[in-house]
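The values are calculated or read from the model by the stated rules, or taken from the named source; none is laboratory data. Note that the structure is predicted; figures quoted are calculated from it, not measured. Positions of Cβ are backbone-derived with ideal geometry, glycine not excepted, and every protein chain shown enters the neighbour counts. Quick note on the areas: whole protein, heavy atoms, side chains included, nothing else; ligands and nucleic acids left out. Shrake-Rupley method; radii C 1.70, N 1.55, O 1.52, S 1.80 Å.
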Amino acid sequence: SDNNRFRIPLSNEIVLKGHTKVVSALAVDHTGSRVLSGSYDYMVRMYDFQGMNSRLQSFRQIEPSEGHQIRNLSWSPTADRFLCVTGSAQAKIYDRDGLTLGEFVKGDMYIRDLKNTKGHITGLTCGEWHPKTKETILTSSEDGSLRIWDVNDFTTQKQVIKPKLARPGRVPVTTCAWDYDGKCIAGGIGDGSIQVWSIKPGWGSRPDIHFEKCHEDDITSLKFSADGRILLSRSFDDSLKQLFFTGTSVEKDSTTGGLLCFFDRVNLELVSKVGISPTCSVVQCSWHPKLNQIFASVGDKSQGGTHILYDPTISERGALVCVARAPRKKSVDDFVANPVIHNPHALPLFRDQPNRKRQREKVLKDPLKSHKPEMPMTGPGFGGRVGTSQGSLLTQYLLKKGGMIKETWMDEDPREAILKYADVAAKEPKFIAPAYAETQPEPLFAKSDSEDEE
């Protein structure tokens with residue numbers, strides 16, 4: 001009866017599988033038709049209730065930043081784009097179908113003052129899209145700052161917010177949140193404090209509200225109530241502050257698994273507990289207002305999934321749509337021809353895949369793939385190629401072969417060829433000959449012995 005009073009959908013459950021590690025981020029669009037799940041396996045999976053059948057398979061998976069875990073996912077107000085926050089210093093924007101639209105710039109880590117950097121310099125911790133304005137997003141980072149960005153300009157942020165600290169230094173901002181109107185920003189600071197900034201003309205880094213020592217450990221999540229009067233916080237210190245619905249972790253030597261706990265807002269009493277996984281912790285949870293369905297992501301080092309709780313009587317669309325679509329049953333007349341593998345070593349399973357740098361170096365050394373010109377030859381030629389000696393140009397070679405250029409020196413007597421120019425040399429002496437004209441003896445040339453040879 002208590003569950004019906006609070007309209008908690010608990011009667012049915014489905015699980016969106018596919019991740020190989022814990023699901024750390026979860027986002028459901030405002031219409032309730034698409035679900036994003038991010039994991040420590042570095043992948044983001046996209047699910048579409050309208051296109052899924054009861055097999056519950058994702059229609060796309062992307063890896064935003066190689067080797068970086070997914071920290072948070074957030075849809076834009078119009079649900080045409082979404083923000084992906086990873087363990088890297090650069091957040092990414094994707095369109096509704098998972099195509100990359102841009103990546104925000106990384107700041108210079110050698111600049112000491114964070115207000116002078118163009119972006120975050122260390123890993124991100126959280127990020128959310130503005131609830132009303134589709135051009136604005138908020139991110140928090142381990143570098144100790146919150147930043148507001150314009151999604152149309154990926155080169156620099158609009159505003160840098162540095163929390164108020166007891167002593168100078170860099171304390172990480174572990175989480176951040178907008179209120180429902182986008183007029184306030186809340187940040188969970190590594191020193192256990194919660195700070196709230198009101199967005200107004202001339203506002204800066206000084207917080208309007210500063211709650212000191214709210215928690216004794218890192219603050220993992222912040223949420224505003226719909227009326228903006230209550231701020232919910234969750235921490236690693238096993239405490240819940242003003243929280244109505246949260247997931248729990250699996251402790252060592254514990255007999256209970258990951259739970260969803262529901263609290264009454266008025267007196268903060270426990271209303272209901274729901275066991276989600278006997279062995280895995282609940283990392284992210286969301287209660288979609290339009291669908292009236294509860295999403296909870298779980299997992300460990302070897303598996304990950306998103307549990308969806310719903311009730312056919314009080315829930316709408318979402319999981320109800322895809323569960324009703326049973327996959328096609330196999331017929332006895334179905335036939336699929338088994339492909340013949342002619343070269344098994346061409347498959348990735350049997351092929352050693354070198355890294356890209358070695359592949360590029362190998363391609364550059366290959367004269368065919370890199371279109372490297374052939375080296376010049378010396379000598380008469382080889383393999384149909386013309387050498388560099390005695391008319392190496394292709395035009396000269398072709399003209400000689402075609403008879404257009406005739407070489408007569410092979411048929412001439414060298415002595416007669418020289419004597420042809422004797423009269424010209426005597427009449428018009430050049431260079432050295434005039435200098436030795438007086439002292440040179442008269443040249444005597446031997447007669448041709450061609451007659452004797454005959």
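Remark: segment 17-150 carries a charge dipole of roughly 240 debye about the Cα centre, counting +1 on each Lys and Arg Cβ and -1 on each Asp and Glu Cβ. Counting every alpha-carbon pair across segment 29-172, the share separated by more than 26 Å comes to 26%.
When the accessible area of segment 5-99 is split by element with a 1.4 Å probe, what percent falls to carbon and sulfur?
On the way: 1540 of 3730 Å².
Result for segment 5-99: 41 percent of the exposed heavy-atom area is carbon or sulfur.
Placing one equal scatterer on every Cα of segment 12-328 and applying the Debye formula, the log10 ratio I(q)/I(0) at q = 0.16 Å⁻¹ is -1.47. When the alpha carbon gyration tensor of segment 109-176 is reduced to an equivalent ellipsoid, its three semi-axes come out at 21, 14, 10 angstrom, largest first. Solvent-accessible surface of segment 12-328, averaged per residue with a 1.4 angstrom probe and all protein chains in place: 47 square angstrom. Each Lys and Arg contributes +1 and each Asp and Glu -1, all at the Cβ; summed about the Cα centre of segment 12-328, the dipole is approximately 480 debye. Scoring 187-200, 28-41 by mean Cβ neighbours within 10 Å over their residues and listing the highest first yields 28-41, 187-200.
How would you rank 83-96, 62-75, highest first, on the average number of other Cβ atoms within 10 Å across their residues? Don't jump to the answer; show the numbers that get you there.
Numbers: 83-96: 21.6, 62-75: 19.1.
Packing order, densest peptide first, comes out as 83-96, 62-75.
Between the amide H of Phe224 and those of Leu232, distances stay under 5 Å, these residues lying 5 or more places away or on another chain, with hydrogens modeled in the peptide plane.
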